[in-house]
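Report on the structure given below.
The values are calculated or read from the model by the stated rules, or taken from the named source; none is laboratory data. In this text, all values refer to a predicted model and were calculated from it rather than measured experimentally. Please note: Cβ atoms are built from the backbone with ideal geometry, for glycine as well, and neighbour counts cover all protein chains shown.
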Amino acid sequence: MTELTGRHVLGITVGAFGIIITVNMVMAVQAVRTFPGLEVANGYIASQTFDAERKAQLALGWTAVPDYRDGKLTLTLMDAEGLPAAVKSIDLLVGRTTASNDDVRPVLTRVSGIWETHLALARGKWMLKVEAVAPDGTMFRQRLELFVMDQVQG
């Protein structure tokens, strides 16, 4: 066995830190490339109406419940009395929480008070951003999580 010299220690230290820095750079590039990170274009302007919009949405008393089975995504919107909510228009964004590559805006159809669409979702955690408008123009916005256990081919 050879003697451990200062050059050996320097080489080990530089090599270890080189690996750490390289891995950190790769992870940072991947994070920035795959996550848009933008919720609103201007946070200050969005904050000006936030409280009023929140109070109006809470006054609706709506609840949104997603379900996914056999390649069909359903979204139940109920009013304060537990009846199907009267919805003027609805928009849904389905995607992963960490990347925008899989984002899709499916067309929803109302069937017996429940909104549904056929959509192939892979196994894992999905995010649903619901934006619905009540007949009086009140916006309903909610972000929901959906866990898909079985992979659907599509």
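Is it fair to say LYS129 is among the basic types (Lys, Arg), loosely packed, with under 12 Cβ neighbours inside 10 Å, closer than 27 Å to VAL40 by Cα and at pLDDT 90 or above? When the stated conditions are applied, LYS129 does not pass them.
Just to be sure, is ASP51 assigned to a strand (DSSP E or B) and either surrounded by 10 or more Cβ atoms within 10 Å (Cβ to Cβ) or free of Cβ contacts under 8 Å to residues at least 40 places away in the same chain (or both)? Judged against the criteria, ASP51 is not a match. Within region 65-76, residues that are closer than 17 Å to ARG141 by Cα have Cβ atoms under 7 Å from residues that are assigned to a loop (DSSP other than H, G, I, E, B) in these pairs: LEU75/LEU108, counting only partners at least 6 apart in sequence or on another chain. Taking the listed residues MET127, MET139, the one that is farther than 30 Å from ALA28 by Cβ, outside the structural domain of GLN30 (by TED's automatic domain parsing) and not β-branched (Val, Ile, Thr) is MET139, with no other qualifying. If we scan region 20-29, do we find a residue that is without any contact (Cβ under 8 Å) to a residue 40 or more places away in the chain, surrounded by 10 or more Cβ atoms within 10 Å (Cβ to Cβ) and assigned to a loop (DSSP other than H, G, I, E, B)? Checking region 20-29: not a single residue is without any contact (Cβ under 8 Å) to a residue 40 or more places away in the chain, surrounded by 10 or more Cβ atoms within 10 Å (Cβ to Cβ) and assigned to a loop (DSSP other than H, G, I, E, B).
Just one of the listed residues (VAL65, VAL107) is closer than 19 Å to GLU131 by Cα and assigned to a loop (DSSP other than H, G, I, E, B), and it is VAL107. Taken together, the residues in region 113-143 that are farther than 24 Å from ARG33 by Cα and touching a residue at least 24 places away in the same chain (Cβ under 8 Å) amount to 20.
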